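Read through the structure below, which is laid out as structure tokens, and then see the notes.
The values are calculated or read from the model by the stated rules, or taken from the named source; none is laboratory data. Please read all numbers here as calculations on a predicted model, not as lab measurements. As a convention, Cβ positions derive from the backbone with ideal geometry for all residues, glycine included, and neighbour counts pool all protein chains shown.
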Amino acid sequence: MIYQNLDVSLEDRILHVTINRPKALNALNQQTMGELADLFGRDYKDSADISGVLLTGSGDRAFVAGADIKEFIGVAAAGSGQKMAENGQAVFFLIERFHVPVVALVNGFALGGGCELAIACHLRVATETARFGQPEVNLGIIPGYGGTQRLNQLIGKGKAMELTLTGNMIDAAEAHRIGLVNYALPAAEARDKAIELLRIIAGKGPIAVRESIAAINAYYASSDFGAEAEAFGRASAAEDFAEGAAAFVEKRKPNFKGQ
Ligand code: COA
């Protein structure tokens, strides 16, 4: 249970998990994804020692600024985009189907895979400075960790289309208005609210909580995550992504050709 990129502590049966790569704005590289898989799929799977999980990002700038673009360039060049999306989806399923509630405390940028991570959690509390978006189109790709499926479920097709096609960021107040987050609060209050929610749920019947999560998830069982992974594979293999990723690294605007 030693993690490189996750800080993990147990307080009063609540597992505090902090993604800790602040220099990369907590971007999800494969190491971090593997550690999340270990934590939710092995180390704490079905654990009776915990009543809930508080998931957040280190520092005050980002929850998670997305998949690690610099690392992903190599994955796409090797033609493994679809596989990467399938693997990422599998990790986020572990969270969505976890036996106790996972509350995302969104304390800054939640972009791309960061927004997808937040919406795979059961509840979301945002600080006032949080920013949400699916900016993959800026890079020439699409959300690949469930965003094309879960965002619809949470905020409806129209708003999901707008966020996904424009790549625009929205602030915490707008995220709250459209139902993307449960609460948007000043930083000092947001953490307390997240803990309060977890404590309330901890006082309920564990079987009822677990079965509620499973039953609500069952409603969305017809989602097509496979279609998303295939589409992600196609987009990430195109020249446009190579250009979009190079532009990000070089801090310039991309010149897309639709190829
Ligand atoms: N992957 C890898 N590195 C990332 C990253 C990501 N998703 N997001 C940010 N970083 C890195 C930056 O490259 C930079 O590293 P550097 O100091 O070595 O240059 C560092 O984190 C700080 O980011 P920077 O862009 O300088 O901060 P900013 O305040 O100007 O902008 C963001 C913040 C979040 C708007 C900007 O970093 C961004 O657009 N990130 C990518 C978001 C994205 O497209 N996510 C989806 C990926 S599929």
Restricting the stretch 73-87 to residues that are within 13 Å of the ligand (Cβ to nearest atom) and within 27 Å of Phe132 (Cβ to Cβ), which is surrounded by the most Cβ atoms within 10 Å (Cβ to Cβ)? Ala85
Report yes if some residue within the stretch 36-50 is surrounded by fewer than 20 Cβ atoms within 10 Å (Cβ to Cβ), in contact (Cβ under 8 Å) with a residue 12 or more places away in the chain and within 16 Å of the ligand (Cβ to nearest atom); otherwise report no. no
Inside the stretch 51-67, the number of residues satisfying the requirement of being within 15 Å of the ligand (Cβ to nearest atom), crowded, with 20+ Cβ neighbours inside 10 Å and not small (Gly, Ala, Ser) is 2
Kindly indicate whether any position in the stretch 9-17 is at pLDDT 95 or above, touching a Lys or Arg at 6+ places or on another chain (Cβ under 7 Å) and surrounded by 20 or more Cβ atoms within 10 Å (Cβ to Cβ). no
Hits in the stretch 150-178 (condition: in contact (Cβ under 8 Å) with a residue 40 or more places away in the chain and loosely packed, with under 14 Cβ neighbours inside 10 Å): Ala173
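Select from the stretch 141-157 the residues that are more than 10 Å from the ligand (Cβ to nearest atom) and assigned to a loop (DSSP other than H, G, I, E, B) and write down the one among them that is nearest to Ala242 (Cα to Cα).
The residue in question is Gly146.
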I want to confirm something. Restricting to the stretch 25-40 and keeping residues that are polar (S, T, N, Q) and not in a loop (DSSP other than H, G, I, E, B), which single residue is nearest to Ile95 (Cα to Cα)? Thr32
Here is a list: Val100, Val106. Which entry is surrounded by 20 or more Cβ atoms within 10 Å (Cβ to Cβ), more than 14 Å from the ligand (Cβ to nearest atom) and hydrophobic (A, V, I, L, M, F, W, C)? Val100
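Residues to consider are Val209, Val181; find the one that is surrounded by 23 or more Cβ atoms within 10 Å (Cβ to Cβ) and at pLDDT 95 or above.
Val181
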Show the residue pairs meeting these rules: Cβ distance below 7 Å; 6+ apart or different chains; first residue within the stretch 4-24 and on the phi > 0 side of the Ramachandran plot and part of a helix (DSSP H, G or I); second residue away from the ligand (no atom under 16 Å from the Cβ) and at pLDDT 95 or above. none
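For the stretch 25-35, name all the residues that are away from the ligand (no atom under 16 Å from the Cβ) and either on the phi > 0 side of the Ramachandran plot or surrounded by fewer than 20 Cβ atoms within 10 Å (Cβ to Cβ) (or both).
Gly34
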What's the number of the only condition in (1) among the charged types (D, E, K, R); (2) surrounded by 20 or more Cβ atoms within 10 Å (Cβ to Cβ); (3) within 11 Å of the ligand (Cβ to nearest atom) that Lys70 fails to meet? (2)
Pairs, first free of Cβ contacts under 8 Å to residues at least 40 places away in the same chain in the stretch 102-124, second of a type in the set (D, E, K, R) and not in a loop (DSSP other than H, G, I, E, B), C-beta under 8 Å, six or more apart: Glu116/Arg150; Ala120/Glu96; Ala120/Arg150
